[in-house]
Amino acid sequence: MSSKFQYDLVALVIFALVVAFGVPAVMNYDGFELNTFARYLALAIVSMALSLSWGTAGLLNLGQAATFGMGSYAMAMHLKLRASDGLPDFMAWNNVETLPWVWVPFESLTFTLLAGLLVPAFIGGLIAIFMFRARIAGVFVAIITLAFLVAFQLLFINQQGHTGGQNGLTGLAQMSLFGWIVDPYSMGFYNLVAGCLVVALAFGVYLTHSKFGLILRAIREDADRARFFGYNVANYQTLVFCISAALAGWAGMLYTLVLEFASPTYMSVSFSLAIVIWCAVGGRESVIAAAFGAIVVNMLEGRLSDVFVEGWHLILGVIFVLVVMFMPRGIYGLLSESLQKLRGIGRPRDHRDAETFPNT
Amino acid sequence: MDVIANQLFAGLSMASILLMIALGLAIIYGAMGVINLAHGEFVMLGAYATWALQTYAGIGILPALPFVFISVAAVGWIVEKVVVQNLYHRPLDTILATWGIGIILQQAVRLGVGAESRFVKGPDLLSGNTEIGPLIMSNYRLFVIVFSMAVLAATWMLMTRTEFGMKLRAVIQNRAISECYGIEAKRIYSVTFAYGAGLAGLAGALITPLFSTIPTMGTGLVVDAFLVVIVGGLGSLIGSAAASVLIGEATAIFSIVINDTLGRIAVLAGIILLIRFRPRGLFPTETRR
């Protein structure tokens, strides 16, 4: 067991304890505050999903919001069907007379939960196969995923009768999980979201420290060399894209539960770039840091928008530019560098510990 | 037949606007490998500068063009000096940093001028239409088409017929060697970035009578312009011109065959396919790297 793995495990346990016990205590178990924080936690999952593909494998996916949106709409479709008897109200307004076949299986919660994970994974996988078989890399991955995101959002808004168009899906029922009616302002719901995040993080930590994660890092450093070693680079890249997409879909489902509606703005370019920002601020190399980044930036957004009603976006932009310029590895990089310096005082510097990060 | 002819003209008009925006982006991307996501905000600044000059100084669009070019280029120059210059060795991080700059510029305008849409009057000289048979062409749009071609020609001259252009091409080919020959690569980069930003400002000034001027107008434009640059090929001026005509016309044709939204989706799908099979674009420039 490497020392890095130990650090990550310790960080994960501390993170889990703080999120599960510390935060609710600070929030005084207030329903509204807990709901707000549960929103941050759901966004932490999508940020952490991006760090898997971007930080570990070096694939900058600017279309992460598309897979997030798929998950959130899967959940919203289920809750919409439960809220309406027969046809959802917006379909009648759009002269859709019978329930479209895509909607029918979403009556079942089991199907919805599976679809929320597997549909994004499948579509993410298709794009990945399409790109990585042709050895597309670097900037072009970012551009193709960005173009896909724009096209996908347009398509979603265009199919108003099936998706609610620009208005999204509103007036949703509350989910009932094994007879438990999920109230988004309750402690139980907060624990559900926090549990999901911790499970996702544990999975992410395991993945990055497994052999699979090692090969992904090898591909990030030098794809050709990994290829010469006999690894099928495209398959590894595709798999990490699928996993990242499924996690984003999971986050999307939770996000719909938190906010009680789904909107096409979840699939906008600015939302997708916001995810990248959270991931970069936290540190893309570590899943825990990426999740932490999402929580910090969103909390900051919340606080700043209370204090500076007009200018908070401006301040956020300035902070972000400063982070990119002076902390390219995010909060994580800052921590690990200072940790290394501390250790360097005690004994001669061990160069094998110094981790290089590529310029991709 | 009338519909098709008019639609072709609309496509050409759209292509000329795309070209104006993409040209600056292509130079910046081609020369420095910087993906400038703040480019849309430079367009927006150009539009607001035109609005301000017309509203407070009574200067029309055409006389305002030089002022707009210089002021937006100055903003670009400052952005390059303060932020972009430190990131040349980390190209993917420039995407993030310039996006942050875009947010800052957008919010600064929103705070300073307000979020409501602004109106700019087109020049009286160019009001009215030219009609050739069933084909009705707005004079202003015709002017934009001609102007964009003139800008393309001027940029091409700058790149190939001046000392500055020669130095720039040398730096693109090999920065280290050209620095050994006494070319100040840093200065060349700053000027190039400023020139690209100035072109975006010009584009912003010219589209004010055609688009509504709002702080968020740049975000949509930059994605389109960037696709033009990628399709055209890394840093190729002719490629950008060809790609903007292709994308403009394809959007116009698809939008009558299917509908506006689906047409745009079809164009995006086409672009994705093109990048997949020709990642270096339609007209890749031959450079030794």
Between a first residue in region B:30-47 that is touching a residue at least 60 places away in the same chain (Cβ under 8 Å) and a second residue that is assigned to a loop (DSSP other than H, G, I, E, B), which pairs have beta carbons less than 7 Å apart while being 6 or more apart in sequence or on different chains? B:Gly30/B:Leu234; B:Gly30/B:Gly235; B:Ala31/B:Gly235; B:Met32/B:Tyr88; B:Met44/B:Pro215; B:Ala47/B:Thr208
Taking only region A:223-233 into account, find how many residues are in contact with a helix residue (DSSP H, G or I) (Cβ under 9 Å, 6 or more places away or on another chain) and free of Cβ contacts under 8 Å to residues at least 12 places away in the same chain. 5
Looking at A:Ser51, A:Ser47, A:Ser72, A:Ser108, which one is touching a Lys or Arg at 6+ places or on another chain (Cβ under 7 Å) and not aliphatic (A, V, I, L, M)? A:Ser51
Subset of region B:255-271 (residues that are without any contact (Cβ under 8 Å) to a residue 40 or more places away in the chain and over 26 Å from B:Leu152 (Cβ atoms)): B:Val257, B:Ile258, B:Asn259, B:Asp260, B:Thr261, B:Leu262, B:Ile265, B:Ala266, B:Ala269
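For (1) modelled with pLDDT of 90 or more; (2) among the aromatic types (Phe, Trp, Tyr), each residue gets a yes or a no:
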position	(1), (2)
A:Ser186	no, no
A:Leu197	yes, no
A:Tyr206	yes, yes
A:Ala218	yes, no
Taking the conditions exactly as written (among the hydrophobic types (A, V, I, L, M, F, W, C) and in a loop (DSSP other than H, G, I, E, B)), does A:Val324 satisfy them or not? no
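Condition check ((1) among the small types (Gly, Ala, Ser); (2) surrounded by fewer than 22 Cβ atoms within 10 Å (Cβ to Cβ); (3) within 10 Å of chain A (Cβ to nearest Cβ); (4) over 23 Å from B:Leu210 (Cβ atoms)) across all residues:
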| site | (1), (2), (3), (4) |
| --- | --- |
| B:Tyr56 | no, yes, no, no |
| B:Ser71 | yes, yes, no, no |
| B:Val82 | no, yes, yes, yes |
| B:His89 | no, yes, yes, yes |
| B:Trp99 | no, no, yes, yes |
| B:Ala108 | yes, yes, yes, yes |
| B:Gly112 | yes, yes, no, yes |
| B:Phe119 | no, yes, no, no |
| B:Gly122 | yes, yes, no, no |
Of the criteria (1) more than 21 Å from the chain's Cα centre (by Cα); (2) surrounded by fewer than 17 Cβ atoms within 10 Å (Cβ to Cβ); (3) free of Cβ contacts under 8 Å to residues at least 24 places away in the same chain; (4) over 30 Å from B:Val223 (Cβ atoms), which one A:Val199 fails: (1)
Single unsatisfied condition, B:Thr94 versus (1) facing another protein chain (nearest Cβ under 10 Å); (2) touching a residue at least 12 places away in the same chain (Cβ under 8 Å); (3) farther than 20 Å from B:Leu221 by Cβ: (3)
Based on this model, can you work out whether A:Ala274 counts as within 14 Å of another protein chain (Cβ to nearest Cβ) and buried (at least 18 other Cβ atoms within 10 Å of the Cβ)? yes
Quick check, is B:Ile103 on the phi < 0 side of the Ramachandran plot and either free of Cβ contacts under 8 Å to residues at least 24 places away in the same chain or in contact with a strand residue (DSSP E or B) (Cβ under 9 Å, 6 or more places away or on another chain) (or both)? yes
Within the set of pairs 6+ apart or on separate chains, which have a first residue in region B:241-254 that is under 15 Å from B:Leu221 (Cα atoms), a second that is charged (D, E, K, R) and surrounded by fewer than 22 Cβ atoms within 10 Å (Cβ to Cβ), and C-beta atoms under 6 Å apart? none
Evaluation of B:Ala22 against (1) over 29 Å from A:Val318 (Cβ atoms); (2) surrounded by 21 or more Cβ atoms within 10 Å (Cβ to Cβ) (one fails), failing number: (1)
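Matching residues to (1) part of a helix (DSSP H, G or I); (2) away from every other protein chain (no Cβ under 14 Å); (3) touching a residue at least 12 places away in the same chain (Cβ under 8 Å):
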residue: A:Ala11; (1), (2), (3): yes, yes, yes
residue: A:Ile14; (1), (2), (3): yes, yes, no
residue: A:Phe21; (1), (2), (3): yes, yes, no
residue: A:Met48; (1), (2), (3): yes, yes, yes
residue: A:Gly55; (1), (2), (3): yes, no, yes
Filter result for B:Ile78 (surrounded by fewer than 18 Cβ atoms within 10 Å (Cβ to Cβ), farther than 20 Å from B:Ala22 by Cβ, among the hydrophobic types (A, V, I, L, M, F, W, C) and within 20 Å of the chain's Cα centre (by Cα)): yes
Is one or more of the residues making up region A:310-330 away from every other protein chain (no Cβ under 14 Å), within 30 Å of A:Met27 (Cβ to Cβ) and modelled with pLDDT under 85? no
Regarding A:Ala115, is this residue in contact (Cβ under 8 Å) with a residue 12 or more places away in the chain, away from chain B (no Cβ under 14 Å) and either under 23 Å from the mean Cα position of the chain (by Cα) or not in a loop (DSSP other than H, G, I, E, B) (or both)? yes
Restricting to region B:159-185, count the residues that are of a type outside the set (A, V, I, L, M, F, W, C) and not in a helix (DSSP H, G or I). 5
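Of the residues that make up region A:224-239, is at least one surrounded by 24 or more Cβ atoms within 10 Å (Cβ to Cβ) and over 23 Å from A:Gly124 (Cβ atoms)?
There is no residue in region A:224-239 that is surrounded by 24 or more Cβ atoms within 10 Å (Cβ to Cβ) and over 23 Å from A:Gly124 (Cβ atoms).
Consider region A:118-142. How many of its residues are closer than 22 Å to B:Val228 by Cα, within 19 Å of the chain's Cα centre (by Cα) and among the β-branched types (Val, Ile, Thr)? If you could, list the steps in order and put the result at the bottom.
Here is the first cut: in region A:118-142, the residues closer than 22 Å to B:Val228 by Cα are A:127, A:130-131, A:134-142.
Still in the list and also within 19 Å of the chain's Cα centre (by Cα): A:127, A:141-142.
Still in the list and also among the β-branched types (Val, Ile, Thr): A:127, A:141.
Residues that pass the stated criteria total 2.
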Quick check: anything in region A:268-278 among the aromatic types (Phe, Trp, Tyr) and modelled with pLDDT of 85 or more? yes
Every residue from region A:138-181 that is buried (at least 23 other Cβ atoms within 10 Å of the Cβ), on the phi > 0 side of the Ramachandran plot and facing another protein chain (nearest Cβ under 9 Å): none
Please verify whether region A:60-72 includes one or more residues that are in a helix (DSSP H, G or I), at pLDDT below 80 and not aromatic (Phe, Trp, Tyr). no
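The values are calculated or read from the model by the stated rules, or taken from the named source; none is laboratory data. What you see is a predicted model, and the numbers here were worked out from it, not measured in a lab. No Cβ is skipped: glycine too gets one built from the backbone with ideal geometry, and neighbour counts run over all protein chains shown.
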